[in-house]
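Report on the structure given below.
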């Protein structure tokens, strides 16, 4: 379906009004701010209702308690800059209202109502999309069979006379709502991915700390032994470092994968938001199908992203003992009993147990004196 757009040249005043209106658009609902408007610590603004929706999506288990409905607080990320917003026990109702923005909205609405003269309405009508086949007909219906906007004459006499159609406004609202829901899901999914990345960064730090702790304890044991231990000590330290590096490479690879997915998802959010700003319903409907498909594909990819297994950061299975005699030293190896797995998740156990790094001998009987 081909159609043409008739536009009148815009004046400087209308450009200024349009620019002002863009500054008053909420980044979540993509509509003009609805009072009350709250300002975040990063100086971005949101409708309080939209802020609460984003907060609830990022904190699905958050509940209020007490007769006054007070909670224990929570956090979410700003949809515009991804800055983390920490809330107190009042939730989004503890955020400061931006009275300046609310006053500007009131003034803008008053001026917009006053400026809507018959001439402005005529210009608005001239901006309607016109049918290329029936030049005097406006695009006002949507062909469900062909998935394209069309005009009433095309339905009665033209190529769409045997097709199922619906009002353009109805389809426009339906798919715009669907796209808005998709954006909300993406925003919530991005917060979860960001939380996973932070968790895996903590795993990296724990792997480094546990590996460093094990190496230090091992070195302390070897300091009291004879020179026979020097060569074996280097082998054991290398063994720990090898597994530490292997785990770090694996987890950092997962971080890169999640980061790449997050970057693509953020770009998709920006693309979807740009689609939401399209004022022409027909143009919007032509471009929204591709965006919705990408959103669905992104959700599938996000659900299949690999994660680090619980306890993967533990290095507690490197257990050695220094209770053996000197003539058994050449056969010392790491003790691989169940003691390492019992203390795998307990940092205090590793720090408090003096012999958490223990050594055992293989194939050598102790010397009797």
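Computed values, structure above
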{"read-out": "Of residues in the range 154-193 being touching a strand residue (DSSP E or B) at 6+ places or on another chain (Cβ under 7 Å) and part of a helix (DSSP H, G or I), the one nearest to residue 303 (Cα to Cα)", "value": "191"}
{"read-out": "The range 57-84 - residue that is modelled with pLDDT under 85 and not in a loop (DSSP other than H, G, I, E, B) and, of those, surrounded by the fewest Cβ atoms within 10 Å (Cβ to Cβ)", "value": "65"}
{"read-out": "When residues of the range 300-323 are limited to those that are within 22 Å of residue 185 (Cα to Cα) and in contact with a helix residue (DSSP H, G or I) (Cβ under 7 Å, 6 or more places away or on another chain), the one surrounded by the fewest Cβ atoms within 10 Å (Cβ to Cβ)", "value": "306"}
{"read-out": "Members of the range 85-107 found to be farther than 17 Å from residue 47 by Cα and surrounded by 12 or more Cβ atoms within 10 Å (Cβ to Cβ), listed by number", "value": "88, 89"}
{"read-out": "Matching entry among 143, 154 (being touching a residue at least 40 places away in the same chain (Cβ under 8 Å), over 19 Å from residue 284 (Cα atoms), buried (at least 17 other Cβ atoms within 10 Å of the Cβ) and outside the structural domain of residue 251 (by TED's automatic domain parsing))", "value": "154"}
{"read-out": "Residue within the range 208-222 that is at pLDDT 90 or above and either within 26 Å of residue 183 (Cα to Cα) or crowded, with 20+ Cβ neighbours inside 10 Å (or both) present", "value": "yes"}
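The values are calculated or read from the model by the stated rules, or taken from the named source; none is laboratory data. Computed from a predicted structure; not experimentally measured. Cβ atoms come from the backbone with ideal geometry, glycine included; neighbour counts cover every protein chain shown.
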